[in-house]
Amino acid sequence: MSLSEFDRRVLEKVAQIPRGKVAAYGEVARAIGKKKAARAVGNALAKNPYPIIIPCHRVVKANLSLGEYSGGADKKKKLLEKEGVIFIGKTVRHEHVFKFYRS
DNA sequence: GAATTGACCAGCT
DNA sequence: AAGCTGGCCAATT
């Protein structure tokens, strides 16, 4: 069981998300150079080869709604709230959205 | 190797 | 404002 280049990129970027912040699948995809690969990003995270170094729960949808999560969306919401992310209904405050650096 | 699916996104009506 | 359509990427059947 090994990782693809694509997977590696995704993992690395997601691992960069600081505590208390969130990033959109599309933003991650953009950060790795494939802005249309949001779905593939989700799939890669769903496999989640290294749950320790990959805070998958910090990745949300582009519209700032929760998105899916292995184990339940409500769990994800609680985890994020624990990390200091403020939710407004089902959406995250835009203040907590993490922006990746562009080279 | 084609067709289907899945933790998505943007645009149009 | 809300719903539908097409598109794009990688993995699985």
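Worth a mention:
- Subset of the stretch A:20-43 (residues that are among the small types (G, A, S) and free of Cβ contacts under 8 Å to residues at least 40 places away in the same chain): A:G26, A:A29, A:G33, A:A37, A:A38, A:A40, A:G42
- Inspection of the stretch A:14-21 finds a residue satisfying the criterion of being closer than 20 Å to A:K90 by Cβ, more than 8 Å from DNA strand B (Cβ to nearest atom) and not aliphatic (A, V, I, L, M).
- Enumeration of residues in the stretch A:23-40 that are closer than 19 Å to A:H96 by Cβ and either more than 6 Å from DNA strand B (Cβ to nearest atom) or aromatic (F, W, Y) (or both): A:A23, A:Y25, A:E27, A:V28, A:R30, A:A31
- Of all residues in the stretch A:17-37, those satisfying the criterion of being within 11 Å of the chain's Cα centre (by Cα), crowded, with 20+ Cβ neighbours inside 10 Å and part of a helix (DSSP H, G or I) are A:Y25, A:E27, A:V28, A:A29.
- Qualifying residues in the stretch A:2-16 (those that are in contact with a helix residue (DSSP H, G or I) (Cβ under 8 Å, 6 or more places away or on another chain) and of a type in the set (A, V, I, L, M, F, W, C)) - the one surrounded by the most Cβ atoms within 10 Å (Cβ to Cβ): A:V10
- Condition check for A:A46 on (1) of a type in the set (G, A, S); (2) exposed (fewer than 14 other Cβ atoms within 10 Å of the Cβ); (3) over 12 Å from the mean Cα position of the chain (by Cα): one failure, at (3).
- Qualifying residue in the stretch A:70-80 (condition: more than 11 Å from DNA strand B (Cβ to nearest atom), in contact with a strand residue (DSSP E or B) (Cβ under 9 Å, 6 or more places away or on another chain) and not aromatic (F, W, Y)): yes
- Boolean, A:K76 is surrounded by fewer than 19 Cβ atoms within 10 Å (Cβ to Cβ) and of a type in the set (K, R): no
- Selection within the stretch A:82-103 - assigned to a helix (DSSP H, G or I) and either surrounded by fewer than 11 Cβ atoms within 10 Å (Cβ to Cβ) or touching a strand residue (DSSP E or B) at 6+ places or on another chain (Cβ under 6 Å) (or both): A:H94, A:E95, A:H96
- All positions within the stretch A:11-55 that are away from DNA strand C (no atom under 12 Å from the Cβ) and hydroxyl-bearing (S, T, Y): A:Y50
- Of the listed requirements (1) away from DNA strand B (no atom under 12 Å from the Cβ); (2) touching a residue at least 24 places away in the same chain (Cβ under 8 Å), A:I54 misses just one: (1).
No lab work stands behind these numbers, since they all come straight from the coordinates. In this text, all values refer to a predicted model and were calculated from it rather than measured experimentally. Cβ coordinates were reconstructed from backbone atoms using ideal geometry, including for glycine residues, and neighbour counts include every protein chain displayed.
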